[in-house]
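Engineer: Here's a structure for you.
The values are calculated or read from the model by the stated rules, or taken from the named source; none is laboratory data. Just so it is clear, the model here is predicted, and its values are computed rather than measured. Every residue, glycine as well, gets a Cβ built from its backbone with ideal geometry; the counts of neighbours run over all protein chains shown.
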Amino acid sequence: MKVLIITYYWPPAGGSGVQRWLYFVKYLRDFGIEPIVYTVENPAYPILDTSLEELVPAGVTVIGNKIWEPNSWFQKKNQVAAGFLPQKPTLSQKFIRYIRANYFIPDARKFWVKPSVKKLNQYLQTHPVDWIISTGPPHSLHLIGQRLHQKTGIKWLADFRDPWTDIDYFHQLPLTRKSLIKHQKLEKSVIQSATTVVVVSNEMQKAYAAFTDNCHVITNGYDGDIVSNPILDTPFTMTHIGMLNADRNPVFFWEVIRELLDSNEAFEEAVQINLVGKISDEVKQSIRQFDLEKYINYSNYVPHQTVYKLQRKSQVLLLFINRVPSAKGIVTGKFFEYLQAQRPILAIAPEEGDLAKIIKETQSGSLVGFDDKEALTNTIIALFTAYQSNNLTVNTVGIDKYHRKNLTGELAKLLKK
């Protein structure tokens, strides 16, 4: 079996967008499926990680095609990093955001659709495949898959790493009613016309059930072996991996840390908070507000292998879910690597969401609801007490199913069925 995978993110891209299909490609051959990757030839990736190129299996066909995209111009004019929308934008930023939201639908990669359909349609005439797979965001790529499916009749799988109109920042976009309706129509059209749809969480599956009864959940996961008995940090390290934008800013977390510092001398001497990834000005402002700078270690993006080491030696792993309407369905890709690290997880997220269910099922840590200050305080005290007695451990159960190879096996079953 051969599958054509249409993806914008591919090594040397870094960050979360590249992980899912890089690891599917790594293992698909183990299940008798040959992947062919179609991606951009001249990408404007916000993050680079050349170490990920080593994970691409030898001999995998990668087809490149040039893209024209205004995304880098938008980011430059907005003077913000990708994934960050200013909470108090300037007049210029408001104007640029309005243009981007209403004239580049579904996103700024829309100009890649037409040339991609032309090139891939020609390619498929002499290189037949059994499946076309598109993965988004950017959701423009689903329009490529849709049009190829309509032209060729080849089965098409639409993979949603994040939802379309329910994505965490969608509610912040200054969309006109006409633009919103266009997004909704495109999303519905993609979901209904795909041979099958794959999403990463149960809440996403519920949302798409209104459009299709052929939607399947294949979560993100972790790769590699579980390392037992790692050498842990000496300080009481609490580490967050990944970007922290304004939606992920847990103000009451910083408040609780400040109160514990003021009331517990041992905590004050031991605690160290590591923030690895891009941090918004709003988060840094909250940290300054509670006078926490001396307890914070900032690190920008670091290679993936370095991230593994940081996670495994940290005393506690922090996970802050975006406080947005779609929060119940958010399970970050980094969470599954937290499972692999075998360190206690402290998450701030909806108590009835998908993340809460997995943490409870795997016994991997604690989850506190938004603004539950008392529960957060008690949880951190319990973790610190265990740390003081050299008994801060976690014994997860049933996490093997989240290994990337096992998840690829689920994908292979779906394709072969």
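Engineer: How many residues does the stretch 396-411 contain that are small (Gly, Ala, Ser) and over 28 Å from ASP130 (Cβ atoms)?
Structural biologist: 1
Engineer: Identify all residues within the stretch 363-400 that are under 19 Å from SER201 (Cβ atoms) and either crowded, with 19+ Cβ neighbours inside 10 Å or not assigned by TED's automatic domain parsing to the domain that holds ALA270 (or both); write none if there are none.
Structural biologist: SER364, GLY365, LEU367, GLY398, ILE399
Engineer: Follow-up question, since we're still on this one. Mind listing just one residue for me: the one in the stretch 129-153 that is more than 23 Å from the chain's Cα centre (by Cα) and aliphatic (A, V, I, L, M) and, of those, farthest from SER193 (Cα to Cα)?
Structural biologist: VAL129
Engineer: Now a separate question. Please verify whether the stretch 279-290 includes one or more residues that are farther than 28 Å from THR393 by Cα and either touching a Gly at 6+ places or on another chain (Cβ under 8 Å) or aromatic (Phe, Trp, Tyr) (or both).
Structural biologist: yes
Engineer: If you take the residues in the stretch 307-339 that are closer than 20 Å to ALA382 by Cα and among the hydroxyl-bearing types (Ser, Thr, Tyr), which one is nearest to the chain's Cα centre (by Cα)?
Structural biologist: TYR338
Engineer: Which one is farthest from ARG20 (Cα to Cα), of the residues in the stretch 94-151 that are of a type in the set (Val, Ile, Thr) and in contact (Cβ under 8 Å) with a residue 60 or more places away in the chain?
Structural biologist: Here the residue is ILE105.
Engineer: Here's something else I'd like to know. Could you check TRP156 against (1) buried (at least 23 other Cβ atoms within 10 Å of the Cβ); (2) under 22 Å from the mean Cα position of the chain (by Cα) and say which number it fails?
Structural biologist: Of everything listed in (1) buried (at least 23 other Cβ atoms within 10 Å of the Cβ); (2) under 22 Å from the mean Cα position of the chain (by Cα), TRP156 misses just condition (2).
Engineer: Go through the stretch 100-122 and report how many residues are in a helix (DSSP H, G or I) and under 12 Å from ILE144 (Cβ atoms).
Structural biologist: Residues meeting the conditions: 12.
Engineer: Quick one: which helices (runs of 4 or more DSSP H) lie wholly within the stretch 221-305 and hold at least 3 residues that are among the polar types (S, T, N, Q)?
Structural biologist: The helices (runs of 4 or more DSSP H) meeting that bar are 281-289.
Engineer: Of (1) surrounded by fewer than 20 Cβ atoms within 10 Å (Cβ to Cβ); (2) of a type in the set (A, V, I, L, M); (3) in the same structural domain as ALA194 (by TED's automatic domain parsing), LEU411 satisfies all except one. Which?
Structural biologist: Here LEU411 clears every test but (1).
Engineer: Among the listed residues VAL217, VAL199, VAL190, which satisfies the condition of being buried (at least 17 other Cβ atoms within 10 Å of the Cβ), closer than 22 Å to ALA327 by Cα and not acidic (Asp, Glu)?
Structural biologist: VAL199
Engineer: Next question, about the same structure. Does the stretch 340-351 contain any residue that is of a type in the set (Asp, Glu) and more than 21 Å from the chain's Cα centre (by Cα)?
Structural biologist: For the stretch 340-351, residues of a type in the set (Asp, Glu) and more than 21 Å from the chain's Cα centre (by Cα): absent.
Engineer: Return the total of residues in the stretch 130-153 being in contact with a Gly (Cβ under 8 Å, 6 or more places away or on another chain) and buried (at least 21 other Cβ atoms within 10 Å of the Cβ).
Structural biologist: 4
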